[in-house]
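One structure below.
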Amino acid sequence: MSDSVVTTTDDLDVRLEKHRVELTGYCYRMLGSSFEAEDAVQDTMVRAWRNYEKFEGRSSLRSWLYRIATNVCLDMLSAGNKRARPVDLSDSTPLAQAALSPRADNTWLEPMPDARVLPTVADPAEAAVAKESVRLAFMAALQQLPPKQRAVLILREVLAWRATEVAELLDTSVASVNSALQRARATLAERDDKAADAAVSDPLDEEQRKLLDRYVAAFEGYDMAALTALLHEDAIMTMPPFDLWLTGHDDITGFMTTIGSACEGSRLIPVQVNGLPGFAQYKPDPDTGGFSPWAVQILEISDGGLTGFHFFLDTKRWFPLFDLPLHLEAESDEVEEGA
C-alpha cells in the first residue's frame, strides 16, 4: 500500500504511529525540550487526524506530517526562547565561589532517551549522523539559529532532504532554502563551543567500554583519585537546573567531596541518552535504606578520557521518561538497563 493511501481508521493509526519516533527526533532538535517535543508530535498527530480528508496525496504522508510538525514547532518557538547548557550562559565558577542557583526549567536543554528519537535504520552511517545530531553540543548550536534556519539545517543536513523538498515543505523557493542553509552553516562554523561533544564509537569500542567500567567503579566507590585519573585536565561538569558549572578535575572532585558529598555510595544504571553513554544515578536514601533517584548523567569521551559529564537533576521528570524505577532496594544487586 502506498504511504499516501489510507483506507480505514485503524490503518491511519498504524501509518501515523510508524512516524512517531522520527517526528519526535525532529521536534526535539527544533525545540531542545523532551516534553515539548512529545507535545508537538501529539499535536501533529491530532492535526493529521482532523485534517486527513484534506490530504490530497500530492506528497507522501511522511512529508505531510513533517509539514505539520514544522508549523507546530515554529508556532511554539515564536516566543523566542532559546534553550541552553550552563556553559552557554556564564563562565565556569571556581569551587571556592560555587553556589547552587537554579533557573527556570525552560532555560535548559533537556535530556532525551535515544529510543524515543532515533528510529532503527540499516545504514550505519545514517545511524551515526542521527546520534551526532542529538548530542548536547550540536543541540545547543541549533538553538542559536533562527527557527526557519534551524528547520532547514535539520531537514537538509540531518535528514538529507533535497532542497526542492524543503522548499515545498516551507512554502518557499529553492534559492531561499539554499541561502538559509548557507547562513546556518556559517553561524555554526563561527560558534566557539566551550564544551563540544567528541565522537563516540557506535557501538562503543573496547577502550571506551573499559573507560565506562572504570568510571562506574570510581563513582560508586567515590574514589576521587581514580576519578581524577579518568578526567581530562579541562573536563567540565554541569548540573541543570543549577547554572553552576565547573572546570578541571580539582574543582570537580573538590565539589563532589564537599557540596556534593551526599552522592557518596550512589548506584549507577546505564542508559542511552542523547547519542552518548549515560547513567541513571541513585543516591542513598537514609529514610528507606534503599536508593532514590538523583540524576541522569550524560558522559562525553575523547582520547581515552572523560571531557565532560552532565547531571540532570529533575528526577521526577527524567526517570519516568527513561522508564526507570523511582526507588531501588538496598539489597538489589541486579538491575535492568534503562530504556
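The values are calculated or read from the model by the stated rules, or taken from the named source; none is laboratory data. Just so you know, these numbers come straight off a predicted model, no measurement behind them. Every residue, glycine among them, receives a Cβ derived from its backbone with ideal geometry; neighbour counts consider all protein chains shown. Just so you know, the surface numbers come from the protein's heavy atoms only, side chains and all, with ligands and any DNA or RNA stripped out. Shrake-Rupley method; radii C 1.70, N 1.55, O 1.52, S 1.80 Å.
Structure note, pairs LYS18/LYS283; LYS82/LYS316; LYS210/LYS283; LYS54/LYS148: Cα-Cα distances above 32 angstrom occur for LYS18/LYS283. Dimensions of segment 253-328 along the principal axes, based on C-alpha atoms and rounded to the nearest Å, stand at 41, 31, 17, largest first.
Go ahead and collect, in residue order, the members of segment 15-34 whose backbone nitrogen is under 13 Å from a label point 7 Å along the Cα-Cβ direction of GLU126. Only 22 fall inside the zone, counting backbone N under 13 Å.
What's the local net charge at TYR66, with K and R +1, D and E -1, over the other residues with C-beta under 11 Å away? So the surrounding residues net to -1. Look at the dipole of segment 201-251 built from charges on Cβ: of TYR215, THR238, THR228, the Cα furthest out on the positive end belongs to TYR215.
If you sort the three axes of the alpha carbon gyration tensor as a ≥ b ≥ c, you get a/c of 1.5 or more for segment 70-211 and a/b no higher than b/c, which makes it oblate.
The residues of segment 221-279 expose, per residue, 34 Å² of accessible area to a 1.4 Å probe. In the chain, the portion of solvent-accessible area held by carbon and sulfur atoms comes to 49 percent [1.4 Å probe, whole percent, DNA, RNA and ligands not counted]. Taking amide H atoms as placed 1.01 Å from N in the peptide plane, the amide H of MET239 lies under 5 Å from those of PHE311, each 5 or more residues away in sequence or on another chain. Here the relative contact order of the chain, from alpha carbon pairs under 8 Å that lie six or more residues apart, stands at 17 percent. Put simply, when 18-24, 78-84, 219-225, 321-327 are sorted by average Cβ atoms within 10 angstrom per residue, most first, you get 18-24, 321-327, 219-225, 78-84. Couplings for segment 105-115, taken from phi via the Karplus curve 6.51 cos²θ - 1.76 cosθ + 1.60 with θ = phi - 60°, read 3, 6, 6, 9, 4, 10, x, 8, x, 3, 4 Hz in order; Gly and Pro are left as x. Between LEU231 and LEU306, the built amide H atoms are under 5 Å apart, and every one of these is 5 or more places off in sequence or on another chain.
Classify segment 224-287 as rounded, prolate or oblate, taking a ≥ b ≥ c as the square roots of the eigenvalues of its Cα gyration tensor: rounded when a/c is under 1.5, otherwise prolate if a/b is larger than b/c and oblate if not. Judged from the Cα gyration tensor, segment 224-287 comes out rounded (a/c under 1.5).
This model, with +1 at the C-beta of Lys and Arg and -1 at the C-beta of Asp and Glu, gives the chain a dipole about its Cα centre of some 1540 debye. Less than 5 angstrom separates the built amide H of VAL273 from those of ASP114, GLY278, all sequence-distant by 5 or more or on a different chain. Among the listed options (i) 5, 24, 32, 22, 12, 4, 0; (ii) 6, 25, 36, 25, 7, 1, 0; (iii) 5, 21, 24, 19, 13, 8, 6, 2, 0, 0, the one matching P(r) over Cα pairs in 10 Å bins from 0, in percent as calculated from these coordinates is (i). State log₁₀ I(q)/I(0) for segment 184-318 at q = 0.10, 0.18, 0.19, 0.21 Å⁻¹ as given by the Debye formula over alpha-carbon point scatterers of equal weight, solvent excluded. Log10 of I(q)/I(0), two decimals: -0.33, -1.06, -1.18, -1.42.
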